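Have a look at the structure below before the remarks.
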Amino acid sequence: MTAKAKYTEEELVNALKSGDQSALGFLYDNYSAALFGVIMRIVESQENAEDVLQEVFVKIWRNISSYDKSKGKLYTWLINIARNSAIDSMRVKDYKLKSQIRNIDNSVGSINRQYNTAQHPDHIGLKALVEKMKPEYKLLIDKLYFEGYTQEEAAEELNIPLGTVKTRIRSAISQLREVFIGETTLK
Amino acid sequence: MNIQEYISSGILESYVLGNSTPKEMKEVEKYAATYPEIKAELNEIEKAIQAYTTKHSIAPPTNLKDKIFEKISDKPNSSANEPIIRSLNTNTPLATASSYWSVAATLLLLISTGFAVYFGVKSNKLDGYMDDMAKVNIALADSIKAISSNMAQMQNDLAIMKDPMYKIVDLKGLKIAPDSKAMVCWCPTDKTVYVEVDKLPAPPKGMQYQLWAIVDGKPVSEGMLAMSSGLHKMSDVENAQAFAVTLEKAGGSPTPNMNAMYVMGTI
């Protein structure tokens, strides 16, 4: 599967919709690390994360016809499939038991994550980015985006009113945008 | 509608994060199609999230790509066997569509009936279990109540016995019943009297024990004794020199029966 061809997002979607496997190869080469990163944030074991990633690509392949570009970018659609599949995989088993174990094992998980971050050069950039973000914003985004919390659950967990969660999401993403724009102009 | 207000409400961010309700999603999609400002804002939010998630990238193991492609080769995405999400307004003739739907509906009905029966049985079992648990809970709550009221009584008693204002008077058994025992706690300052029976023979029917304070050589009735454990408050008394218990007819006597004195203690 050596898909060296370069696609625009629209060409890629069209190629995928027409059943072109080399387009899927391109998609894998360009997006699998981002999708795997998201899955790894949600699913604790590497083995389960690999299963979820396989499932995600099969879903993408089968359901690409339902992707509607007027509803958002391809990337957002892909990430949401990865996220939802990862969350579903965690909820399949006794979710409550799992989350108890997760609470106990939190420290272990974070060590593993640090180990993972060391493997990937992109994380040097992440560290810089995270340092620029307010910790409570980062925490909220991570809970909502990577850990699959609903806004209500996040409000309860972080012990802040639901209204604050809503306004804080806005501020958090504004800050993310500023940091991101600052970064791209630097390059 | 106020576009700026809508943009700053945080709804668009929730939409991109995938946290909005189906109703909100519809609304956002409708507005994004109508107002270019909203569409542009959504785009920017998506870019920011994209940047953030890209930063979290972790390369999957190299053999995973081949595994995925193996799976996919068995399942071409254009195959008619695969469930494909279609929009409802296709050009398929209505008759075919409706017969397809009726089969689907029948299947669904069968499945849901199955589930209903299954969960019905399960729920009956659960109901019985819940009843048992409720009974256990009530029993536990009762014993906790009893224990905590005992505990409160004991703490109360202990506080009195530890209070230096109270004099502790041991009433020792007399000839009539030498191993009898009782205790009086008396506070000379505020005149309060408490008594506890440690050991007294059970009173015969129609009889009751009566507590007396000896004030200047004369017995003063302090009231009838309760046989239950713990301190019991009696009548106030001033200048007592001794306390004693006699067996009297139920309800008490105006003067003690000196031949039926069981315990006594001087201060």
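Per the conditions (1) under 22 Å from B:LEU12 (Cβ atoms); (2) at pLDDT below 80; (3) surrounded by 13 or more Cβ atoms within 10 Å (Cβ to Cβ), the sole criterion not satisfied by A:ILE169 is (2). What about B:GLY206, is it at positive phi and not β-branched (Val, Ile, Thr)? Spelling it out, B:GLY206 is indeed at positive phi and not β-branched (Val, Ile, Thr). Confirm whether B:ALA152 is surrounded by fewer than 16 Cβ atoms within 10 Å (Cβ to Cβ), assigned to a helix (DSSP H, G or I) and of a type in the set (A, V, I, L, M, F, W, C). The answer is yes for B:ALA152. Scanning region B:214-242 for residues that are within 19 Å of B:MET161 (Cβ to Cβ) and out of contact with any Ser or Thr (no Cβ under 8 Å at 6 or more places or on another chain) yields B:LEU225, B:ALA226, B:SER228, B:SER229, B:GLY230, B:LEU231, B:HIS232, B:MET234, B:VAL237, B:ALA240.
Contact annotation: residue pairs with Cβ atoms under 6 Å, 6 or more positions apart or on different chains, pairing a residue in region A:49-66 that is part of a helix (DSSP H, G or I) with a partner that is buried (at least 19 other Cβ atoms within 10 Å of the Cβ) and polar (S, T, N, Q), are A:VAL52/A:SER85; A:GLU55/A:SER85; A:VAL56/A:SER85; A:TRP61/B:ASN77; A:ARG62/B:ASN77.
Within region B:20-71, the set of residues being at the interface with chain A (Cβ under 9 Å from one of its Cβ atoms), outside any helix (DSSP H, G or I) and surrounded by fewer than 17 Cβ atoms within 10 Å (Cβ to Cβ) comprises B:ALA59, B:PRO61. Of all residues in region B:224-243 being part of a loop (DSSP other than H, G, I, E, B) and under 41 Å from the mean Cα position of the chain (by Cα), which is nearest to B:TRP212 (Cα to Cα)? Restricting to residues being part of a loop (DSSP other than H, G, I, E, B) and under 41 Å from the mean Cα position of the chain (by Cα), the top hit is B:LEU225.
Does B:ALA177 count as more than 20 Å from B:SER235 (Cβ to Cβ) and surrounded by 13 or more Cβ atoms within 10 Å (Cβ to Cβ)? So B:ALA177 passes the test.
Residues are listed down the side, and each one gets a yes or a no for (1) surrounded by 15 or more Cβ atoms within 10 Å (Cβ to Cβ); (2) in contact (Cβ under 8 Å) with a residue 40 or more places away in the chain; (3) farther than 15 Å from B:LEU171 by Cα:
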site: B:PRO201; (1), (2), (3): no, yes, no
site: B:LYS218; (1), (2), (3): no, no, yes
site: B:GLU222; (1), (2), (3): yes, no, no
site: B:SER229; (1), (2), (3): no, no, yes
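Within region B:8-41, being under 19 Å from A:ILE173 (Cα atoms) and over 47 Å from the mean Cα position of the chain (by Cα) holds for B:ALA32, B:GLU37, B:ILE38, B:LYS39, B:ALA40, B:GLU41. Once region A:62-76 is narrowed to residues that are in contact with a helix residue (DSSP H, G or I) (Cβ under 8 Å, 6 or more places away or on another chain) and more than 8 Å from every other protein chain (Cβ to nearest Cβ), the residue that is farthest from B:ILE49 (Cα to Cα) is A:TYR67.
Among the residues making up region B:14-61, a single one is in contact with a Phe, Trp or Tyr (Cβ under 6 Å, 6 or more places away or on another chain), under 15 Å from A:VAL38 (Cβ atoms) and of a type in the set (Val, Ile, Thr): B:ILE58. Criterion applied to A:GLY19, A:GLY72 was being under 16 Å from the mean Cα position of the chain (by Cα) and free of Cβ contacts under 8 Å to residues at least 12 places away in the same chain, and the one residue passing it is A:GLY72. Among all positions in region A:53-61, there is at least one residue which is more than 8 Å from chain B (Cβ to nearest Cβ) and crowded, with 20+ Cβ neighbours inside 10 Å.
The values are calculated or read from the model by the stated rules, or taken from the named source; none is laboratory data. On a predicted model such as this, the values are computed, not experimentally measured, just so you know. Because the Cβ atoms are built from the backbone with ideal geometry, glycine has one as well, and the counts that use them run over all protein chains shown.
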